[in-house]
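Enquirer: My questions all concern the structure below.
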Amino acid sequence: MITHDLLRIAAKEAHEYGWLYAYMKTSQFYQIARAAQYGHMIKHLEVSHVVEMPVVWPQPEIRAAIGAKAVEAIAMRTKARDLQAEADDLYASHFPESRVDVEPPFHTIPASALFQERRRLEAQYYRPRVRDIEMRITEGAERVDVLSDVTKLIALPNRFKRYFGDNGAPYKSPAELFDVNPPVMKRIYPALIKNPEMYRLMPSSIVMARSGQVYGLLGRSRIIPDSYADTFGSDDMIRIVPNGKAIRPGYLVTVLNHEELGRPMVVRNASGTSVPHLDPVDIREVPVPRLGVDAETRVADLADEATALSDRADALETEAISEAAELVDEAAQG
């Protein structure tokens, strides 16, 4: 199910789907769409605007070649999501079912619990569903580590002044990192940044969104692929470097992102009202169930294959979009 706030566009001829997809992701089409938007605070597009937008229509064989790349990229991305879903299911199969069907309207905890360690006063930290997860992972795992036990680094970089320019290195915000193959919207000059390596994204490391809504981006993690080696990331992402001798990144990111068993244990630590935030001090204590080498390897293999396949899909899709953009430029020049 998708929101009503997304316009549905279907190709009249099914075989033109790939070309239209690639064309509509070019920067030129994006500019056309932005020119048609209306509204002050929140911009909108209506169906009546989109149906009037021009479509460049090169020779059939050219459309077919570019469209085939786009369709293949989408198929690869779909396969990657299926692989990660398989990894999630395999991981969850090691733990007993939840004992909490519906959370009660209120619950009680010992007063002594409020005066331990970080002295959390937020009710969500003690939710029955979260406490149920704690018991389930304790029962199903061989042992339970905390995140700091299996990582070399869990840190949040300092805020820094950004110097943007067309010839700089690619720069990604948290929203862009978790979007589907977004274009590079900003570039940054590394030479003008103090300690630039603090902000460069490291392949095979993990980043976690440290702000956002608990039902959205907050606490979501992803492995940095090799293609992001020269990309800089916002200071609003927690950097996590797994200890390769203790745990595989694919298994760890599956643990952190699992909708039923992982994310609730991460976002329980959020603090703040309008925009909740996470602190590395709390993230270091997130529990990491250990299942043994064989079980963790099976989960990690699936997750790592999903990450690699998604990265290849992005590269192929970017190639298709770039070729489409060149054709649009040629058409514009007559």
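The values are calculated or read from the model by the stated rules, or taken from the named source; none is laboratory data. Remember, predicted model here, so these are calculated numbers, not experimental data. Neighbour counts run over all protein chains shown; Cβ positions are idealised from the backbone, glycine included. Areas reflect the complete protein model, heavy atoms only, side chains present, ligands, DNA and RNA absent. Shrake-Rupley method; radii C 1.70, N 1.55, O 1.52, S 1.80 Å.
Enquirer: Inspect the range 36-43 for any residue being part of a helix (DSSP H, G or I), among the β-branched types (Val, Ile, Thr) and over 27 Å from Gln333 (Cα atoms) and give the result as yes or no.
Expert: So the first thing to find is which residues in the range 36-43 are part of a helix (DSSP H, G or I), and the list is 36.
Narrowing the set further to residues that are among the β-branched types (Val, Ile, Thr) leaves none.
Within the range 36-43 (the criterion being part of a helix (DSSP H, G or I), among the β-branched types (Val, Ile, Thr) and over 27 Å from Gln333 (Cα atoms)), the answer is no, since none of the residues qualifies.
Enquirer: Further question on the same structure: Filter the range 196-210 down to residues that are small (Gly, Ala, Ser) and over 13 Å from the mean Cα position of the chain (by Cα) and give me whichever is most open to solvent (accessible area, probe 1.4 Å). Step through it out loud before you land on a result.
Expert: Initially, the range 196-210 is screened for residues small (Gly, Ala, Ser), giving 204-205, 209.
From what is left, the residues that are over 13 Å from the mean Cα position of the chain (by Cα) are 204-205.
Working: Ser204: 66, Ser205: 10 Å².
Applying the filter and picking the extreme gives Ser204.
Enquirer: Out of everything in the range 222-232 that is under 13 Å from the mean Cα position of the chain (by Cα) and touching a residue at least 40 places away in the same chain (Cβ under 8 Å), what residue ends up being farthest from Pro280 (Cα to Cα)? Show your work before the answer.
Expert: Kept after step one, since they are under 13 Å from the mean Cα position of the chain (by Cα), are these residues of the range 222-232: 222-225.
Next, only the ones that are touching a residue at least 40 places away in the same chain (Cβ under 8 Å) stay: 222-223, 225.
Values: Arg222: 16, Ile223: 17, Pro225: 22 Å.
Step by step, filter the range 222-232, then rank; the result is Pro225.
Enquirer: Oh, and also: If the requirement is being surrounded by fewer than 13 Cβ atoms within 10 Å (Cβ to Cβ), farther than 16 Å from Ala325 by Cα and modelled with pLDDT under 95, which of these qualifies: Gln37, Gln31? Spell out how you get there, then give the answer.
Expert: Details: Gln31 fails: farther than 16 Å from Ala325 by Cα.
Being surrounded by fewer than 13 Cβ atoms within 10 Å (Cβ to Cβ), farther than 16 Å from Ala325 by Cα and modelled with pLDDT under 95 holds for just one of Gln37, Gln31, which is Gln37.
Enquirer: Got a sec? Which of Ile66, Ile62 is open to solvent by 40 Å² or more (accessible area, probe 1.4 Å), part of a helix (DSSP H, G or I), among the β-branched types (Val, Ile, Thr) and within 30 Å of Gly334 (Cβ to Cβ)?
Expert: Details: Ile66 fails: open to solvent by 40 Å² or more (accessible area, probe 1.4 Å).
After applying the criteria, what remains is Ile62.
Enquirer: Looking at Tyr126, is it surrounded by 16 or more Cβ atoms within 10 Å (Cβ to Cβ) and at pLDDT 90 or above? If you could, list the steps in order and put the result at the bottom.
Expert: Values: surrounded by 16 or more Cβ atoms within 10 Å (Cβ to Cβ): yes; at pLDDT 90 or above: no.
It is false that Tyr126 is surrounded by 16 or more Cβ atoms within 10 Å (Cβ to Cβ) and at pLDDT 90 or above.
Enquirer: Consider Val184 against the criteria (1) open to solvent by 50 Å² or more (accessible area, probe 1.4 Å); (2) under 27 Å from the mean Cα position of the chain (by Cα); (3) closer than 16 Å to Gly262 by Cβ: it satisfies all of them except one. Which criterion is unmet?
Expert: Condition not satisfied by Val184: (3).
Enquirer: Using the structure shown, decide if Glu16 is crowded, with 16+ Cβ neighbours inside 10 Å and either within 26 Å of the chain's Cα centre (by Cα) or not hydrophobic (A, V, I, L, M, F, W, C) (or both).
Expert: Answer is yes for this residue.
Enquirer: Being under 24 Å from Val288 (Cβ atoms), among the acidic types (Asp, Glu) and open to solvent by 60 Å² or more (accessible area, probe 1.4 Å) is the filter here; which residues of the range 88-123 pass it?
Expert: Hits for the range 88-123 are Asp89, Glu97, Glu117.
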